[in-house]
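Take a look at the structure set out below.
The values are calculated or read from the model by the stated rules, or taken from the named source; none is laboratory data. Predicted model only: the values in this text are computed from it and were never measured. Glycine gets a Cβ as well: all are built from the backbone with ideal geometry, and neighbour counts include every protein chain shown. Calculation scope for accessible area: heavy atoms of the full protein, side chains included, ligands and nucleic acids excluded. Shrake-Rupley method; radii C 1.70, N 1.55, O 1.52, S 1.80 Å.
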Amino acid sequence: MGKVGQKVFSDLLSLRDDSTLDFRPRSRPCDDEGIASRNMYLVKHGVVGDFLYDSRRRGWPAFRGTGSGDRVGASLPAPSTSNLVVEVGGIRLAEM
């Protein structure tokens, strides 16, 4: 909280939630609130991006959610990831 746009992690870390990837189990054209799916950076080169929200939790009446509202059964939508992607960095897994 309060760190959006600030560098908090290593430049080597980029993490995104992408519900637009073809042929992935959690991909979808829109979330359970009808908001279009998108590729959203949570962290890009160490800089904090946005957080996952649904329309209720964002807190601004004029703001629509981030396309991250997910419903289980008859519950209300809640923020949830779709396809978390850790982007390839410059260090191999074995070296870590």
Nearest 500 deg cm²/dmol is fine: what mean residue ellipticity at 222 nm does the chain get from its DSSP H runs of n ≥ 4 alone, each adding -39,500 (n - 2.57), divided by its residue count?
-500 deg cm²/dmol
Order the following by accessible area, largest value first: R16, R56, R26. Probe radius 1.4 Å; ligands, DNA and RNA are ignored.
R56, R26, R16
Carbon-plus-sulfur fraction of the accessible area of the chain, 1.4 Å probe, in percent?
59
Counting only protein heavy atoms and rolling a 1.4 Å probe, one gets per residue an accessible area for the chain in Å² of 67
Suppose the chain between V85 and F9 were pulled fully straight at 0.36 nm per residue; how much longer would it get relative to their current alpha carbon spacing?
25.7 nm
Loop chymotrypsin sites (Phe, Trp or Tyr not before Pro), segment 1-92 (other Cβ atoms within 10 Å of the site Cβ: 12 or fewer; DSSP)
F23, F63
